[in-house]
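The structure appears right after this line, and notes come after that.
FYI, it's all coordinate maths here, none of it is from the lab. Because the structure is a prediction, the values reported are computed rather than measured. Cβ: placed from backbone, ideal geometry, glycine included. Neighbour counts: every protein chain shown.
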Amino acid sequence: MEARLNLFGNALAGKLVKQFNGAGREIAESTLPAATQELVKIRASQINGCGFCTDMHTKDAAHAGETAQRLHLVAVWREAKVFTDAERAALALTEEGTRIADAAGGVPDEVWADAAKHYDEDQLAALIGMIALINAYNRMNVILRTPAGDYQPGQFH
């Protein structure tokens, strides 16, 4: 299986990815916990059916020390006891922000209020930025049918 377009072989696509990566660096350098960032990327990628991003972010999270148990339970986080209240709030916001078209009125006030209990304004800015950014990456890779499975941790750093 080959991607429909090589993001790194096309000049315009390369420029877009460079800008996306710059936004990602800003978020990565924020005070939003790195583990939370990876959980957000994994959950949005699962929802969007992005195999490439799911592969990448589960491998990156494992490489950074995330446990296999937590990685296996991200898809069913509501029933899992292994996530903190803050992580659960971030995952709820991720789901609502990713499925925004499915909910009339957007993200419910209760979901936002729960996230705001656990994260300061800078962390909330990073969190919504991460949700928006991973959804953009997911959409690019799903549209292009970028194959999953070959990613190695740190490959794009």
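Looking at A13 and the list (1) under 16 Å from the mean Cα position of the chain (by Cα); (2) surrounded by 15 or more Cβ atoms within 10 Å (Cβ to Cβ), which single condition is not satisfied?
Unmet for A13, out of (1) under 16 Å from the mean Cα position of the chain (by Cα); (2) surrounded by 15 or more Cβ atoms within 10 Å (Cβ to Cβ): (1).
Which count do you get for residues in the stretch 110-132 that are among the aliphatic types (A, V, I, L, M), surrounded by fewer than 21 Cβ atoms within 10 Å (Cβ to Cβ) and in contact (Cβ under 8 Å) with a residue 40 or more places away in the chain?
Selection size over the stretch 110-132: 1.
Taking the stretch 3-54 as the search range and keeping residues that are in a helix (DSSP H, G or I) and charged (D, E, K, R), which one is nearest to A80 (Cα to Cα)?
The extreme case among them is R43.
Here is a check on your reading of the model: is H57 crowded, with 17+ Cβ neighbours inside 10 Å and assigned to a helix (DSSP H, G or I)? Spell out how you get there, then give the answer.
Values: crowded, with 17+ Cβ neighbours inside 10 Å: yes; assigned to a helix (DSSP H, G or I): yes.
Against the criterion (crowded, with 17+ Cβ neighbours inside 10 Å and assigned to a helix (DSSP H, G or I)), H57 qualifies.
Among the listed residues A92, A75, identify the single one that is closer than 17 Å to I128 by Cβ, hydrophobic (A, V, I, L, M, F, W, C) and either free of Cβ contacts under 8 Å to residues at least 24 places away in the same chain or part of a helix (DSSP H, G or I) (or both). First the steps, then the outcome.
Values: A75 fails: closer than 17 Å to I128 by Cβ.
That would be A92, the only listed residue that is closer than 17 Å to I128 by Cβ, hydrophobic (A, V, I, L, M, F, W, C) and either free of Cβ contacts under 8 Å to residues at least 24 places away in the same chain or part of a helix (DSSP H, G or I) (or both).
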